[in-house]
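Report on the following structure.
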């Protein structure tokens, strides 16, 4: 009696014979005078069916990532698609030779608007409502760059910095690991394991910017955000920058929220994890960082270091968050920062030993490649803040790469948007590192921004347009989608989860209006849906009549609360 392995081999052999027969028949019908024995068909099919990692020029630590957004499997499964909104079909039968037909057949789907798209872009349209419009790249490129010159010479301001520890805990201000000297050449192992693309979204899927504002809140005198135009990750800035330059190679999607007059651009990816070390293609970026950096004693066990900076981008004021790979080693130990230590101690949320937190709260490895687009039904716990670390001078931060060959033009925009001054590239061959090439990038910023002035001006125009588009939209929330097969068009969709990007308490704190008279009640409007004139009227009416509620205001200002679904045993 044949075993399961023998039966499997028999089925595979029958399938290959049937496929070969189809190919031979199509050859005889299409071109009978051309000889082709079909020896390469099996190789082509097996190559297409196997998963391969796709890599591009963005590198590992782009934006606020722990990992890289483009390192994901090419093969797509039907379970990854939202069947409730997207219908699937295959391309029509072709009369071309079967060898080409088998190779080029691809699953075609339709988005919620009915347009045909590639199956691998289905994730772009998950949990979306309807399309309200689109933006053609040509309309931006045709604009004359008559705006304010965009330059980095005006400097920048460090808003906050923090390290992820474990679970829901961050250390403020934290510190980046220091570069260390190693004897070269050095052979290191390739990356292996599961890595997070965006650790902020992994820790808080509903509000990835909440940890950053908790870190800002722990400051002695936290700044106001009323004059900030855009809050964004560095990775999202680079994606939009590639879009305005033209020829965007990868699909992308970002969530757009308006909080008062500030636009939040939230990064969204198909999967939040990817695995390395189990496929044919491998990298050494993570192993390179582990071998050539070392955390301070009080930072042992931290997962990543992040920084938020503020700078002027033409007529716009931006707050940009990004991950920091490393820092130049300090010549002498610096016990304190230029901050009042007594005031900092007063802001400590919880005094606890870092090592004990590591032992008690181990970060569980990801078990699958689940998408984190949308919201989680589980209520998110407030991020805990520990006052720990000394921070790093902005001039000491280093971006690390591990590439055998790398042109500076591939990463200079990443350095510029994050205002990272130093680049350290590990040159290796098969994981054997022979040289660590260091480049000081700050002197190159001015030359690069002069060459890219038109593209930077177009990016400013795009950001301004996004602010207007979201402000005019219903609910002050939209989703922007750019497909790889239509990379010159940016689509705008309504979202099925238009929640606020931050908790109400943080919005009220950082976007509070001017000081009011004592006893005057402030109407809470976290999304900025109420017009300023109406807001004053509502505030006065609330003082005159305590029974007056927002529900009694004109319908244009009403905010309907969500109804909580009753569980089966709670239903009457």
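The values are calculated or read from the model by the stated rules, or taken from the named source; none is laboratory data. Values in this document were obtained by computation on a predicted structure and should not be read as measured data. Virtual Cβ from ideal backbone geometry, glycine too; neighbours counted across all protein chains shown.
General observations
- For beta carbons closer than 8 Å, sequence separation of 6+ or different chains, a first residue in segment 163-174 that is not assigned by TED's automatic domain parsing to the domain that holds residue 305 and surrounded by fewer than 23 Cβ atoms within 10 Å (Cβ to Cβ) and a second that is at pLDDT below 95 and in a loop (DSSP other than H, G, I, E, B), there are no qualifying pairs.
- Scanning segment 111-123 for residues that are surrounded by 16 or more Cβ atoms within 10 Å (Cβ to Cβ) and at pLDDT below 80 returns a single hit, 111.
- Only one of 132, 216 that is touching a residue at least 60 places away in the same chain (Cβ under 8 Å) and not assigned by TED's automatic domain parsing to the domain that holds residue 461: 132
- Meets criteria (over 28 Å from residue 329 (Cβ atoms), surrounded by fewer than 19 Cβ atoms within 10 Å (Cβ to Cβ) and either in contact with a helix residue (DSSP H, G or I) (Cβ under 8 Å, 6 or more places away or on another chain) or without any contact (Cβ under 8 Å) to a residue 24 or more places away in the chain (or both)) for residue 190: no
- In segment 471-485 there is at least one residue matching the filter, namely being surrounded by fewer than 18 Cβ atoms within 10 Å (Cβ to Cβ), touching a residue at least 40 places away in the same chain (Cβ under 8 Å) and outside any helix (DSSP H, G or I).
- Any chance residue 150 is under 30 Å from residue 451 (Cα atoms), in contact with a helix residue (DSSP H, G or I) (Cβ under 7 Å, 6 or more places away or on another chain), in contact (Cβ under 8 Å) with a residue 12 or more places away in the chain and crowded, with 17+ Cβ neighbours inside 10 Å: yes
- Restricting 177, 222, 208 to those that are more than 18 Å from residue 418 (Cα to Cα) and surrounded by 23 or more Cβ atoms within 10 Å (Cβ to Cβ) reduces the list to 208.
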